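Working notes for the structure below.
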Amino acid sequence: MKRRTLIKGLATGLSSLYLSKLYSNNLLQAHSNPGIAAGPFQPTWDSLSQYQVPDWFRDAKFGIWAHWGPQCQPERGDWYARGMYQEGSDQYKYHIQKYGHPSKFGFKDVINEWKAENWDPNELVSLYKRAGAKYFMALANHHDNFDLYDSKYQSWNSTKLGPKKDLIGGWAKAAKDHSLPFGVSVHASHPWTWYEVAQRADKTGPYVGIPYDGKLTKADGAGKWWNGYDPQELYAQNHALSQDSLDDGSMGRHWDWSNGASVPNKAYCDKFLNRTIELIDKYGPELIYFDDTALPLWPVSDAGLKIAAHMYNTSIKKHGKLQAALFGKVLDEQQRKCMIWDIERGQSNQIEPLPWQTDTCIGSWHYDRRLFDDKGYKSARTVIHTLVDIVSKNGNLLLNIPVRGDGTIDSEERAVVENIGAWMQVNGEAIYGTRPWKVFGEGPAIESAAPINAQGFNEGKGKPFGAEDIRFTVKGKTLYATMLGWPAGNEALIKRLATGNEAGKVSRVSLLGNDNLSFEQTTAGLKVKLPEQAPGKDAFVFKIEGVI
């Protein structure tokens with residue numbers, strides 16, 4: 001995942017000729033899948049298109065995510081386990097200063113430093129529930145290939161190394177104790193190409209030509225802390241480099257295994273499949289997020305298709321009906337019927353016919369101490385405006401609150417979470433259980449909205465929201481109009497509710513957190529007289545009766 005810069009150049013996939021060869025070689029089988037739960041779903045796109053998004057997810061609207069793993073230990077931001085091997089980069093320079101040269105102290109050694117000593121999952125999940133989250137997601141592994149759960153298929157996991165704790169087990173218990181649906185995010189399909197930087201060596205300086213630790217073997221561990229563990233099980237670098245691997249920006253072009261990406265072998269794909277099936281079976285998540293184009297390892301393997309079928313069939317067996325939510329990115333029209341479309345750091349510019357989700361963060365995906373020091377987090381106001389906009393378009397918001405290496409969140413983050421919660425306590429009625437109206441909204445920000453780029457990455461690129469920007473939701477016969485600012489003159493105008501605009505006759509208007517308001521429905525719009533003092537901050541919700 002995850003980079004603050006845009007990932008560009010995602011290709012459409014392998015050629016149809018190559019795909020036909022994959023099928024003919026029985027790599028994409030629809031039947032006879034040992035370990036895959038029996039049920040109505042088979043590991044084919046046609047079969048997965050039976051999927052229906054569960055109502056509980058559509059009603060939930062807001063989830064919080066702990067995107068937390070060993071890359072948070074240095075507290076230096078996203079993709080640390082890749083950046084530390086990119087000579088001259090900020091993270092490379094920081095790594096040398098803090099830990100030493102990556103030929104001597106690699107990412108495996110960062111894992112050993114990570115202890116998560118102050119982690120209290122119950123306290124954090126309790127905080128997130130009070131903030132209004134209706135589901136909770138935890139990172140199960142990242143591109144660093146380190147499993148944060150008790151895995152019999154991956155020795156490099158958090159029960160054996162680093163914290164020596166079952167982190168997913170702890171998060172799952174906390175979510176259950178607080179009656180929140182539990183989800184996991186899985187990113188470990190990508191280490192094959194993502195870690196290729198660990199095969200490099202410096203081109204200049206005192207360590208010129210000395211390889212980093214990406215090609216170390218189990219035998220090299222004799223007498224060291226990692227004795228008995230094979231670094232190749234973590235780094236997966238016993239293969240030739242991808243085309244243009246030496247270009248630091250090539251990872252985005254290789255994301256969907258095209259443009260000359262080194263293609264993983266069957267053993268790698270099978271291991272990923274087994275690890276993920278075990279994760280689902282052992283911890284019972286209701287949601288699973290994949291950081292992949294479509295599904296993991298597609299189209300060079302059917303592992304992702306098998307996992308999706310297993311997840312859906314397992315959910316039916318557990319609940320008597322399909323209750324699972326599964327997310328993928330950069331989906332075509334058919335694939336959007338098979339799972340929930342996830343947009344990273346961005347949102348749709350229209351009401352989508354199928355439910356979808358934005359995933360975003362108040363800072364970097366992995367904890368970055370500089371954002372705390374510089375007060376660089378998104379404000380609660382920005383998060384609330386984003387949530388309101390997304391919900392008006394049939395979407396949900398999954399918000400990451402970065403966790404420090406020790407397992408805590410900092411005071412600035414806590415303040416953001418608490419302020420979101422204060423707003424939701426008053427105004428959640430306009431969010432939870434709602435559906436889109438005839439239009440999602442009105443106001444000047446609509447015309448400046450930026451288009452989606454690849455996975456998303458269009459947030460914050462349009463005009464900031466203000467009092468003239470209004471977003472609509474509906475529940476039963478009630479229309480909610482959320483005003484994203486407080487107007488001068490203490491009077492609001494909702495143009496869409498003008499007489500003769502097919503809006504119906506308004507019978508009552510109130511402001512959540514306040515009393516009934518006087519109003520006049522004119523040919524210009526619904527004019528609403530506001531109180532002298534705003535009842536709250538950030539966004540204000542009109543509850544309107546009579547127009548539906």
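With contacts taken as Cα pairs under 8 Å at a separation of at least 6 residues, region 441-545 carries a relative contact order of 27 percent. Candidates 489, 524, 476 compared by Cα position along the dipole of region 441-545: farthest toward the positive end lies 476, with charges placed on Cβ.
Projected label points at residue 282 and residue 246, each 7 Å from Cα along the beta carbon direction, are separated by 4.1 nanometres. Calculated on C-alpha atoms, the gyration radius of region 54-154 divided by its Kirkwood radius gives an Rg/Rh of 1.07. In region 224-289, the alpha-carbon atoms span a convex hull of 157 Å³ per residue.
Of all aspartates and glutamates in the structure, the ones whose alpha carbon falls short of 13 Å from that of residue 475, not counting any fewer than 8 places away in one chain, are 59, 429, 545.
This model, with +1 at the C-beta of Lys and Arg and -1 at the C-beta of Asp and Glu, gives region 321-462 a dipole about its Cα centre of some 280 debye. Between the residues 403, 137, 114, the greatest Cα displacement towards the positive end of the dipole of the chain, with unit charges on the Cβ of Lys, Arg, Asp and Glu, is found for 137. Basic side chains Lys and Arg get +1 at the Cβ, acidic Asp and Glu get -1 at the Cβ, and with that the dipole of the chain about its Cα centre reaches some 640 debye. For region 441-545, the spread of Cα coordinates along the three principal axes comes to 45, 32, 26 Å, biggest extent given first.
Considering only beta bridges that DSSP places wholly inside the chain, some 45 percent are antiparallel. Cα centroids of region 338-376 and region 413-486: 14 Å apart.
Evaluated with a Cβ-only charge set (Lys, Arg +1; Asp, Glu -1), region 441-545 carries a dipole of roughly 260 debye about its Cα centre, given to the nearest 20.
Using only the Cα atoms of region 16-344, each taken as one equal point scatterer with no solvent, compute I(q) by the Debye sum, divide by I(0), and report log10 of the ratio at q = 0.07, 0.15 Å⁻¹. For region 16-344 at q = 0.07, 0.15 Å⁻¹, log10 I(q)/I(0) is -0.29, -1.31.
Scanning residues 5 or more positions from residue 201 or on other chains, those with amide H under 5 Å from its amide H are 212, with H placed 1.01 Å from N in the peptide plane. Taking the charge dipole of the chain about its Cα centre, with +1 at Lys and Arg Cβ atoms and -1 at Asp and Glu Cβ atoms, the residue from 105, 235, 451 reaching farthest to the positive side is 451.
Across the chain, Cα pairs under 8 Å and at least six residues apart give a relative contact order of 17 percent.
Fully extending the segment from residue 86 to residue 499, taken as 0.36 nm per residue of separation minus the present Cα-Cα distance, adds 142.5 nm. Packing, taken as the mean count of other beta carbons within 10 Å per residue, orders the peptides 188-195, 435-442, 329-336 from highest to lowest as 188-195, 435-442, 329-336.
Amide H contacts for residue 361 (H built 1.01 Å from N in the peptide plane; partners 5 or more residues away or on another chain; cut-off under 5 Å): 400.
Computed from the coordinates by the stated procedures, all read-outs in this text should not be read as laboratory data. In this text, all values refer to a predicted model and were calculated from it rather than measured experimentally. Neighbour counts run over all protein chains shown; Cβ positions are idealised from the backbone, glycine included.
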